[in-house]
1. Go through (1) surrounded by fewer than 19 Cβ atoms within 10 Å (Cβ to Cβ); (2) of a type in the set (Val, Ile, Thr); (3) under 20 Å from the mean Cα position of the chain (by Cα) for residue 191 and report which single condition fails.
2. Taking the residues in segment 252-275 that are in contact with a strand residue (DSSP E or B) (Cβ under 7 Å, 6 or more places away or on another chain) and open to solvent by 40 Å² or more (accessible area, probe 1.4 Å) as candidates, determine which candidate is farthest from residue 67 (Cα to Cα).
3. Which residue is most open to solvent (accessible area, probe 1.4 Å), if the candidates are limited to segment 59-80 and must be part of a loop (DSSP other than H, G, I, E, B) and either of a type in the set (Val, Ile, Thr) or touching an Asp or Glu at 6+ places or on another chain (Cβ under 9 Å) (or both)?
4. When residues of segment 276-285 are filtered for being touching a residue at least 24 places away in the same chain (Cβ under 8 Å) and either out of contact with any Lys or Arg (no Cβ under 9 Å at 6 or more places or on another chain) or open to solvent by 70 Å² or more (accessible area, probe 1.4 Å) (or both), how many remain?
5. From the list 214, 164, 168, 228, which one is surrounded by 15 or more Cβ atoms within 10 Å (Cβ to Cβ) and either over 16 Å from the mean Cα position of the chain (by Cα) or acidic (Asp, Glu) (or both)?
6. Of all residues being at pLDDT 95 or above and part of a helix (DSSP H, G or I) in segment 81-113, which is nearest to residue 155 (Cα to Cα)? Just the residue, please.
7. Please give the number of the condition residue 45 fails out of (1) touching a residue at least 40 places away in the same chain (Cβ under 8 Å); (2) touching an Asp or Glu at 6+ places or on another chain (Cβ under 8 Å); (3) open to solvent by 60 Å² or more (accessible area, probe 1.4 Å).
8. Sort out which residues of segment 1-56 are of a type in the set (Lys, Arg) and under 25 Å from residue 241 (Cα atoms), and write them in order of number.
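The values are calculated or read from the model by the stated rules, or taken from the named source; none is laboratory data. Note that the coordinates shown come from a computational prediction; the quantities given were computed from them, not determined experimentally. Here the Cβ positions follow ideal geometry from the backbone for every residue, glycine too, while neighbour counts run over all protein chains shown. Only protein heavy atoms, including side chains, enter the accessible area calculation; ligands, DNA and RNA are left aside. Shrake-Rupley method; radii C 1.70, N 1.55, O 1.52, S 1.80 Å.
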Amino acid sequence: MPDRLLLNVFNVDAALAVGRAKGMFAAAGLDVDVMVTPNSTDQMRGLGKGSWQIVSTAFDNVLGWSGREGAESVAVAQVSAGNVLPVYVRPEIKNWNDLRGKALAVDAVDTAYALVLRRVLLAHGLEMDRADYRLLAKGTTGYRLESMISGETFAGVLNPPWDAKAAAAGMVRFTDHREVLPDYPGGVYAVDRQWAAEQREILIRFLKAWNDAAAWARDETNRSDSVALVAQAEKLEEKAAVNRLRQLPQSGELNLPGLHCVLELRVLFKLTPPMGQNLQAYYDRSFYQEATKG
């Protein structure tokens, strides 16, 4: 009987898609099921309650939620090399000053891309604490785009593949996160600390199978097959599948300078994590290192 794992994700990374399609997790004695989250609040609260065992999420969500309602969460692997985080605005917005007094779309108001958006706006003279704008929690990227199209909100971070849909809907790209946060990292796999301690062997098995799938997907000789598998599994067009593959990191080793950048951003906006400013409290590299040793 395989060990069941339920993953909660914003989108399925290429290695996860390939590993499931090729039976790599099954070969490791794992029944891996995946659900897509509507928002980070549900995702992280569910992780703490044990509704699912692993999440693919922005590291800022680990910072914001670990210890917040009792349960501690830790990042265990880098699942994405990083994605460009474009800031789009409605077509009537012609300059940054036009956003004054407007509502802006975010996932949750105090985590992840909301803080990236705040940092971009700060660089252009707009401060939320001064009531220059307000944030509306709309959930994942698709919902943020819908809110902008309807005219409820006027700007937001719209990451791929929704950026193409945003442009097709007449939204205008103003900039992206690299203007102010060039080291901002991609997403991580995170787990509940207690569950990971109790189920260490299962987590290591998962990470080993995921790492093997990532290596297979990155191999140039498998490129066309990888694109086809990701496109079929996730119902993506070829261009989007190629982009999903491009997001795979060269290694699942955590990007510690990038994680520190996320922590500094949270502290900048006086949102110090519940468990303090010691970065080491929010990650554990030992699981991935054991999964890939030898």
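1. (1)
2. If we take residues in segment 252-275 being in contact with a strand residue (DSSP E or B) (Cβ under 7 Å, 6 or more places away or on another chain) and open to solvent by 40 Å² or more (accessible area, probe 1.4 Å), then 253 is farthest from residue 67 (Cα to Cα).
3. Ranking the qualifying residues of segment 59-80, first place goes to 72.
4. 4
5. One residue alone meets the criteria, 214.
6. Checked segment 81-113; the qualifying residue nearest to residue 155 (Cα to Cα) is 99.
7. The single condition residue 45 does not satisfy is (1).
8. 20, 22
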